Amino acid sequence: MDETVAMPDTDLIHLRDVDTLEFEATVLAVDGDSVALDRTAFDPTGGGQPHDTGELAGSRVVDVRKGASPDGDIWVWHALEGAVPTTGARVAGRVDHDRRFALMRTHTAMHILCGVIWNEWKVPVTGGNMEPLSARMDFEFDPVPEGFATRIEQLVNAEIDADRPIRVEFLPRSEALLDADLIRTKVSLIPESVSEIRVVDIVGLDKQADGGTHVRSTGLVGRVRVTKVENKGKGNKRVRVENVDR
């Protein structure tokens with residue numbers, strides 16, 4: 001790793017404004033084909049959501065990850081195909097819209113799925129993962145109700161048709177820990193060093209502490225199709241879904 005610039009955590013532009021796809025930033029450090037930036041609109045891999053792609057300083061961004069700085073701060077590293085800028089350089093970045101929007105649709109669909117399953121059966125989610133326009137989520141069912149796949153597909157698409165607004169807010173940790181909905185989604189498991197909690201609220205349906213990207217309302221998800229329900233062991237059922245256009 002070459003010389004670094006002393007800076008705090010990378011500023012994650014997309015957590016406040018998901019529509020900003022072009023930005024300028026300063027290179028904090030270089031490590032092989034990867035650069036850390038002082039600010040970025042690229043969403044790094046995390047929480048089951050894969051990274052954005054795009055261009056940075058004229059090179060292709062092929063991977064985005066969080067990592068610790070020499071001082072222990074959290075920097076976002078961008079792996080590049082092509083020329084790598086030097087530490088201290090001012091660079092321009094652009095996020096691929098199509099991949100970002102597909103991931104936003106998928107992530108929001110997952111929150112809708114969590115919401116309808118909790119509201120209908122009071123069953124929590126235990127894990128999940130996604131790719132653009134397809135995803136899986138695990139739930140504590142044993143067994144699943146009769147007609148489960150058809151029922152959840154109906155419920156999810158009804159919430160999409162309702163076009164519920166989606167709000168993002170930042171709450172002090174002490175306030176977030178008092179919210180019954182956030183306690184249900186295990187906000188208490190977020191490290192105590194995190195003093196401010198980012199909350200994604202599908203108004204009237206689902207509220208979760210979340211660090212990913214989402215569409216502005218459920219109507220932008222498209223449609224959701226349940227492709228498979230799998231048995232992953234006692235008390236654990238996996239739901240596979242895909243997003244399709246209307």
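The values are calculated or read from the model by the stated rules, or taken from the named source; none is laboratory data. All of these numbers come straight from a predicted model, not from anything done at the bench. We place every Cβ from the backbone using ideal geometry, glycine too, and count neighbours over all the protein chains shown. We work out accessible area using only protein heavy atoms, side chains counted, and drop any ligands, DNA or RNA first. Shrake-Rupley method; radii C 1.70, N 1.55, O 1.52, S 1.80 Å.
Here are the numbers:
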{"read-out": "Protein accessible area in the chain, 1.4 Å probe - carbon and sulfur %", "value": "48 percent"}
{"read-out": "Tally of Lys pairs whose C-alpha atoms are under 24 Å apart, taken over the chain, 8 or more apart or cross-chain", "value": "13"}
{"read-out": "Computed magnitude of the charge dipole of the chain (debye, nearest 20; Cβ of K, R +1, Cβ of D, E -1)", "value": "1000 debye"}
{"read-out": "Distance histogram in 10 Å bins (all Cα pairs of region 1-148, percent per bin)", "value": "11, 36, 26, 16, 8, 2, 0"}
{"read-out": "The chain: relative contact order as a whole-number percent, Cα under 8 Å and 6+ apart", "value": "18 percent"}
{"read-out": "Region 133-231 - Rg over Rh from alpha carbon coordinates, Kirkwood radius", "value": "1.01"}
{"read-out": "Accessible solvent surface per residue of the chain, calculated while the other protein chains remain in place, 1.4 angstrom probe, Å²", "value": "47 Å²"}
{"read-out": "Calculated FRET efficiency for the pair Arg225/Glu146, C-beta based, R₀ 22 Å, to 0.05", "value": "0.65"}
{"read-out": "Backbone N within region 14-48 under 16 Å of label point (7 Å from Glu81 Cα along the Cβ vector)", "value": "33-34"}
{"read-out": "Exposed-loop-free span, longest in the chain, where GluC sites (Glu not before Pro) count as exposed if DSSP calls them loop and at most 15 other C-beta atoms lie within 10 Å", "value": "4-139"}
{"read-out": "Sorted peptide list for 14-21, 46-53, criterion being average Cβ within 10 angstrom, highest first", "value": "46-53, 14-21"}
{"read-out": "Estimated 222 nm signal from helices in the chain, with DSSP H stretches of n ≥ 4 weighted -39500 (n - 2.57), rounded to 500", "value": "-6000 deg cm²/dmol"}
{"read-out": "Among Ala180, Val125, Val30 the positive-end extreme of the charge dipole of the chain (Cβ point charges)", "value": "Val125"}
